[in-house]
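Right, one structure below, let's go through it.
The values are calculated or read from the model by the stated rules, or taken from the named source; none is laboratory data. Everything numeric in this text was worked out from a predicted model, so none of it was measured. A quick note on method: Cβ atoms are made from the backbone with ideal geometry, for glycine too, and the neighbour counts reach across all protein chains shown. Side chains are part of the model used for accessible areas, which takes the heavy atoms of the whole protein and leaves out ligands, DNA and RNA. Shrake-Rupley method; radii C 1.70, N 1.55, O 1.52, S 1.80 Å.
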Amino acid sequence: MKRLLPFVVAVLATTGAANAEQPATVLPTEWTILAPAGPVARTGTLPQSVTPTADGKRLVVVEGGFLPPAIRILDPATLATERTVAVRGAFGEPSPDASGSGVWIGGAQTDTISHLDAATGTIDRTIAFPRGFWPSGMARSPDGKTIAVAGESADRLAFVDLASGQTRSSVVVGRHPNGVAWSADGRFVYVANWGDSTVSAVDIAGGRRVVTTITVGLHPEAIVAAPGNRFFVALADDDAVAEIDGATGRVTRAGIDLFDGQFFGASPNALALSEGGSRLYVSCAGANAVAVFGTNPLHPLGAIPVGWYPTAVALAPDGGALYVADGKGERSPPNAQFDPFGRAPGYVAAITVGSVRRLAPPTDAALGLGFAAVRAGAGPQLLAALGGEPASVVGEEAGGLVVRANGPIHHVIYIIKENRTYDQVLGDMPDGDGDPSLVLFGERVTPNQHALAERFGVFDNAFADAQVSANGHSWSTAAFANDYLEKMWPQNYGGRRPLYDFEDGADAAVPHAGYLWDLAARAGITYRNYGEFTTEGATPQAPVSSHMPNLTDRTDPHFVGYDLRVRDEARVAEWRREFDAFERSGTLPALEIVRLPNDHTAATRLGERTPQAFVAENDVAFGQLVAVVSHSPDWKDTAIFAIEDDAQNGPDHVGAQRTTLYLASPYAKGGVHHAHYSTAGVLRTIELILGLPPMSVYDASARPLYAAFTDTADVRAYDALPPRVDLEARNARAAYRAALAARLDLDHADAVDDATMNDLIWHAVRGAQAPLPRFGRFPSAR
């Protein structure tokens, strides 16, 4: 990616958005952002708003990520923090008063909305809703007497009389309502139903009832009223903006067009309209950009590159400044101090903090250049694909290029594991960029992973695109996690939202192109699923199932997904039962997806196997699977990939999202691969082998593993190595914090907060008195 950075810097310098001395930052996703040219403010986790007060004297930022929620008040000129206000719950974009410094803020799991005086930082009024309402979006009526509040979890829109503070009525709307907008005459309220494809039109004068349900496109998230009785809607998973004619209900759409409509993943999620309504600014989280539209008619003008994962955009009341909140901030941080209970914890969800940027509203000329810079930031693979050149021809490093649909590889086995960093497992590999002081599960515990890396290749600069398992399994199977998922998993992991609807096919979390199995189904590729997106039975012996339409009859009902009561060796034995049958009948699927989750471990829970035993057993199972395939007739044309869904459970001296990546194939080149690879790059390699198109802009732009392959096959079999530690070792009563571990929910991936899990694992392996490590850097592009 180095050769791309000068172009990006030059383009942005021309736009006035940056200068040539400002460094580019490479994200785990392989994408590039530049440091801001103007003021920037560091915020807490996942800022969801950057709302000016009506008097223009302050900006209100809702911090609704993993860390405890807060309201941050910024000076709009300097972005200096005036104060932060701790709150029990906060979500979405506030609704400012018509004048002064007051705003109404949604209270999320508290089922309240609160009025905040941003000038003093005091909450002077709170209004409660029924339990389970989850207030998110809201808007005040034109006469200022009523506020309409979307109950995201209740699928309802409530109307509150502000004089009395009483909820006068509520109405059922679509699934997961979020954005709310009133018509200028106050007769109608429009609600964007985030969980489906509709906007509900509620007739206020006619009894506050839904009179029209308007189909607009996938996952409408934000809505804004415009002059002329028009409403603009951000379609988060269709990469488009819809325009609704309030008089006729007619819908027109305009694409974001950042990626020529070929690839999806821009995630338009927030809107801001200029004074007079001639320009519409659209925050595009997945593209690290703000798209800009003309509105008469609605058409794209260009884009502005911003920080990582923008979640909100706003104009100053006088139009002189543009503000952007970046949900994941300015970089992917290393685990600067792996101290789960200290002031600088190493947990990725806690240290991935947001930012706010202040920009000058761009000129038309700057928008065109910014549009090119946004594309360039995604990388040369995307530029080649958008230029009409198939991505599979970009791979001169691989000589004859075996990674392509008409090459000698016809079968792919894709293994997804749970939550380890590179340094934890392979930090002792002598030729890789590892820190031996951080190794917890080195060669003695994971002899097969070390042997596989030594023979088939070491990948010491591979990153999980996800921060945690909730978005990790979507990134691992869709090369994307949509905005609903990215905004809701921090609520779940922060203990404020019990609903975990991220791995069950719930509509709100399903991205535009679906998942790898949907891609295979559309292409007529044979495939089989072992443990991904499954619902487990009441016991390990009960059959499992999947709610995903294209997995229902393609999932092994006897292969258990995440359940630490089941050994990975048993999972591989079940997988082998089917594999042997496929071999006998000559019907081995082209694609197999296999979940091996036990390297997650059960920490120090009394009576459970020790963390070392869990990881070692996962290693044995992985080695056995590779051995089975390598001794089969189909080994000669198979590639096996394995990666962790995320890297959250431990330290790494390079980056909090650096993880282990393995390739096993007769065509694997071996050696050490320092190139920056990502989850999406693994998926793109699989797609190229099977002749499948990209699912999102992320796999379209990711670097395939071309350099890891050779034209010459080495068909020698791999023989699994036996364990070197006791697989039956159990946690005793004297185990580190065993009493605490006994109370933890280990039945679900990531149910235990990561600070606790990391503390338990580190001391279980290193000893109760072992000092915690200090380290941290993030690599530049190589």
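Please report how far the C-alpha centroid of region 579-633 lies from that of region 138-153, rounded to the nearest whole angstrom. Measuring centre to centre over Cα atoms gives 52 Å.
What FRET efficiency would be calculated for the residue pair Thr213, Arg565, taking the C-beta separation as r and a Förster radius of 41 Å, to the nearest 0.05? For Thr213 and Arg565, the calculated efficiency is 0.35. Helix 754-766 and the longest principal axis of the C-alpha atoms of the chain enclose an angle of approximately 20°. Exposure check, 1.4 Å probe, all protein chains in place: Lys636 carries approximately 110 Å² of accessible surface.
Estimated purely from DSSP H runs of n ≥ 4, each contributing -39500 (n - 2.57), the mean residue ellipticity at 222 nm for the chain is -6000 deg cm²/dmol once divided by its residues. Neighbours of Ser355 by Cβ distance under 10 Å: Lys/Arg scored +1, Asp/Glu scored -1, total +2. Out of [x] 47.7; [y] 30.8; [z] 39.3, which label holds the value of mean projected area of the Cα convex hull in nm² that was computed here? Calculated mean projected area of the Cα convex hull in nm²: the matching label is [y].
Is the C-alpha gyration tensor of region 599-728 telling us rounded, prolate or oblate? Criteria: a/c under 1.5 is rounded; beyond that, a/b larger than b/c is prolate, otherwise oblate. Oblate shape, in that a/c is at least 1.5 and b/c is the bigger or equal ratio. Our estimate of slack between Asp507 and Val251, defined as 0.36 nm per intervening residue step minus the Cα-Cα distance, is 89.9 nm. Per residue, the chain exposes 33 Å² of solvent-accessible protein surface, assessed with a 1.4 angstrom probe and all protein chains in place.
Here Thr167 and Asp634 are evaluated by their C-beta separation; at R0 = 51 Å the FRET efficiency comes out at 0.20. Note on Lys57: lysines with a C-alpha under 26 Å away, same-chain residues under 8 apart excluded, are Lys145, Lys328.
Taking the Cα centre of each part, how many Å lie between region 644-678 and region 260-322? Cα centroid of region 644-678 versus Cα centroid of region 260-322: 35 Å apart. Peptides 523-536, 24-37 ranked from most to least packed, by the mean per-residue count of other Cβ atoms within 10 Å: 24-37, 523-536. In this structure the amide hydrogen of Ser169, modeled in the peptide plane, comes within under 5 Å of the amide hydrogens of Phe159, none closer than 5 places in sequence on its chain.
Full-extension gain between Ile123 and Thr363, please, as 0.36 nm times their residue separation minus the C-alpha to C-alpha distance.
Details: separation 240, 0.36 × 240 = 86.40 nm, distance 3.91 nm.
Contour length minus Cα-Cα distance gives 82.5 nm.
What the phi angles of region 727-733 give under the Karplus curve with 6.51, -1.76 and 1.60, with θ = phi - 60°, is a coupling list of 6, 9, 4, 10, 6, 8, 4 Hz, glycine and proline written as x. Couplings 3J(HN,Hα) of region 153-169, computed from phi: 8, 9, 6, 9, 10, 10, 10, 10, 7, 6, 5, 9, x, 9, 7, 7, 6 Hz, in residue order, whole Hz [Karplus 6.51 cos²θ - 1.76 cosθ + 1.60, θ = phi - 60°; x for Gly and Pro].
Just order 287-298, 562-573, 643-654 by mean Cβ neighbour count inside 10 Å, highest at the front, would you?
643-654, 287-298, 562-573
The angle separating the long axis of helix 5-15 from the principal Cα axis of greatest extent in the chain is about 0 degrees.
Within the full protein context, the accessible area of His676 is estimated at about 10 Å² for a probe radius of 1.4 Å. Counting only protein heavy atoms and a 1.4 Å probe, tell me what percentage of the chain's accessible area is made up of carbon and sulfur. That fraction is 51 percent. Amide H contacts for Asp97 (H built 1.01 Å from N in the peptide plane; partners 5 or more residues away or on another chain; cut-off under 5 Å): Ala54, Gly102, Val103, Trp104.
Between amide H atoms placed 1.01 Å from N, distances below 5 Å from Ala240 occur with Leu235, Ile256, all of them 5 or more places distant or on a separate chain. Sorting His176, His558 by accessible area puts them as His558, His176; the probe is 1.4 Å, largest comes first, and only protein heavy atoms count.
For a Förster distance of 51 Å, can you work out the FRET efficiency between the beta-carbons of Glu82 and Asp185, rounded to the nearest 0.05? E(calc), rounded to 0.05, equals 0.90. Listed by chain and number, the lysines whose alpha-carbon sits under 30 Å from that of Lys669, ignoring those within fewer than 8 places in the same chain, are Lys2, Lys417, Lys636.
Listed peptides 95-105, 271-281 appear in the order 95-105, 271-281 once ranked by packing, highest mean of other Cβ atoms within 10 Å at the front. Full extension of the segment from Thr587 to Ala98, taken as 0.36 nm per residue of separation minus the current Cα-Cα distance, would add 169.3 nm.
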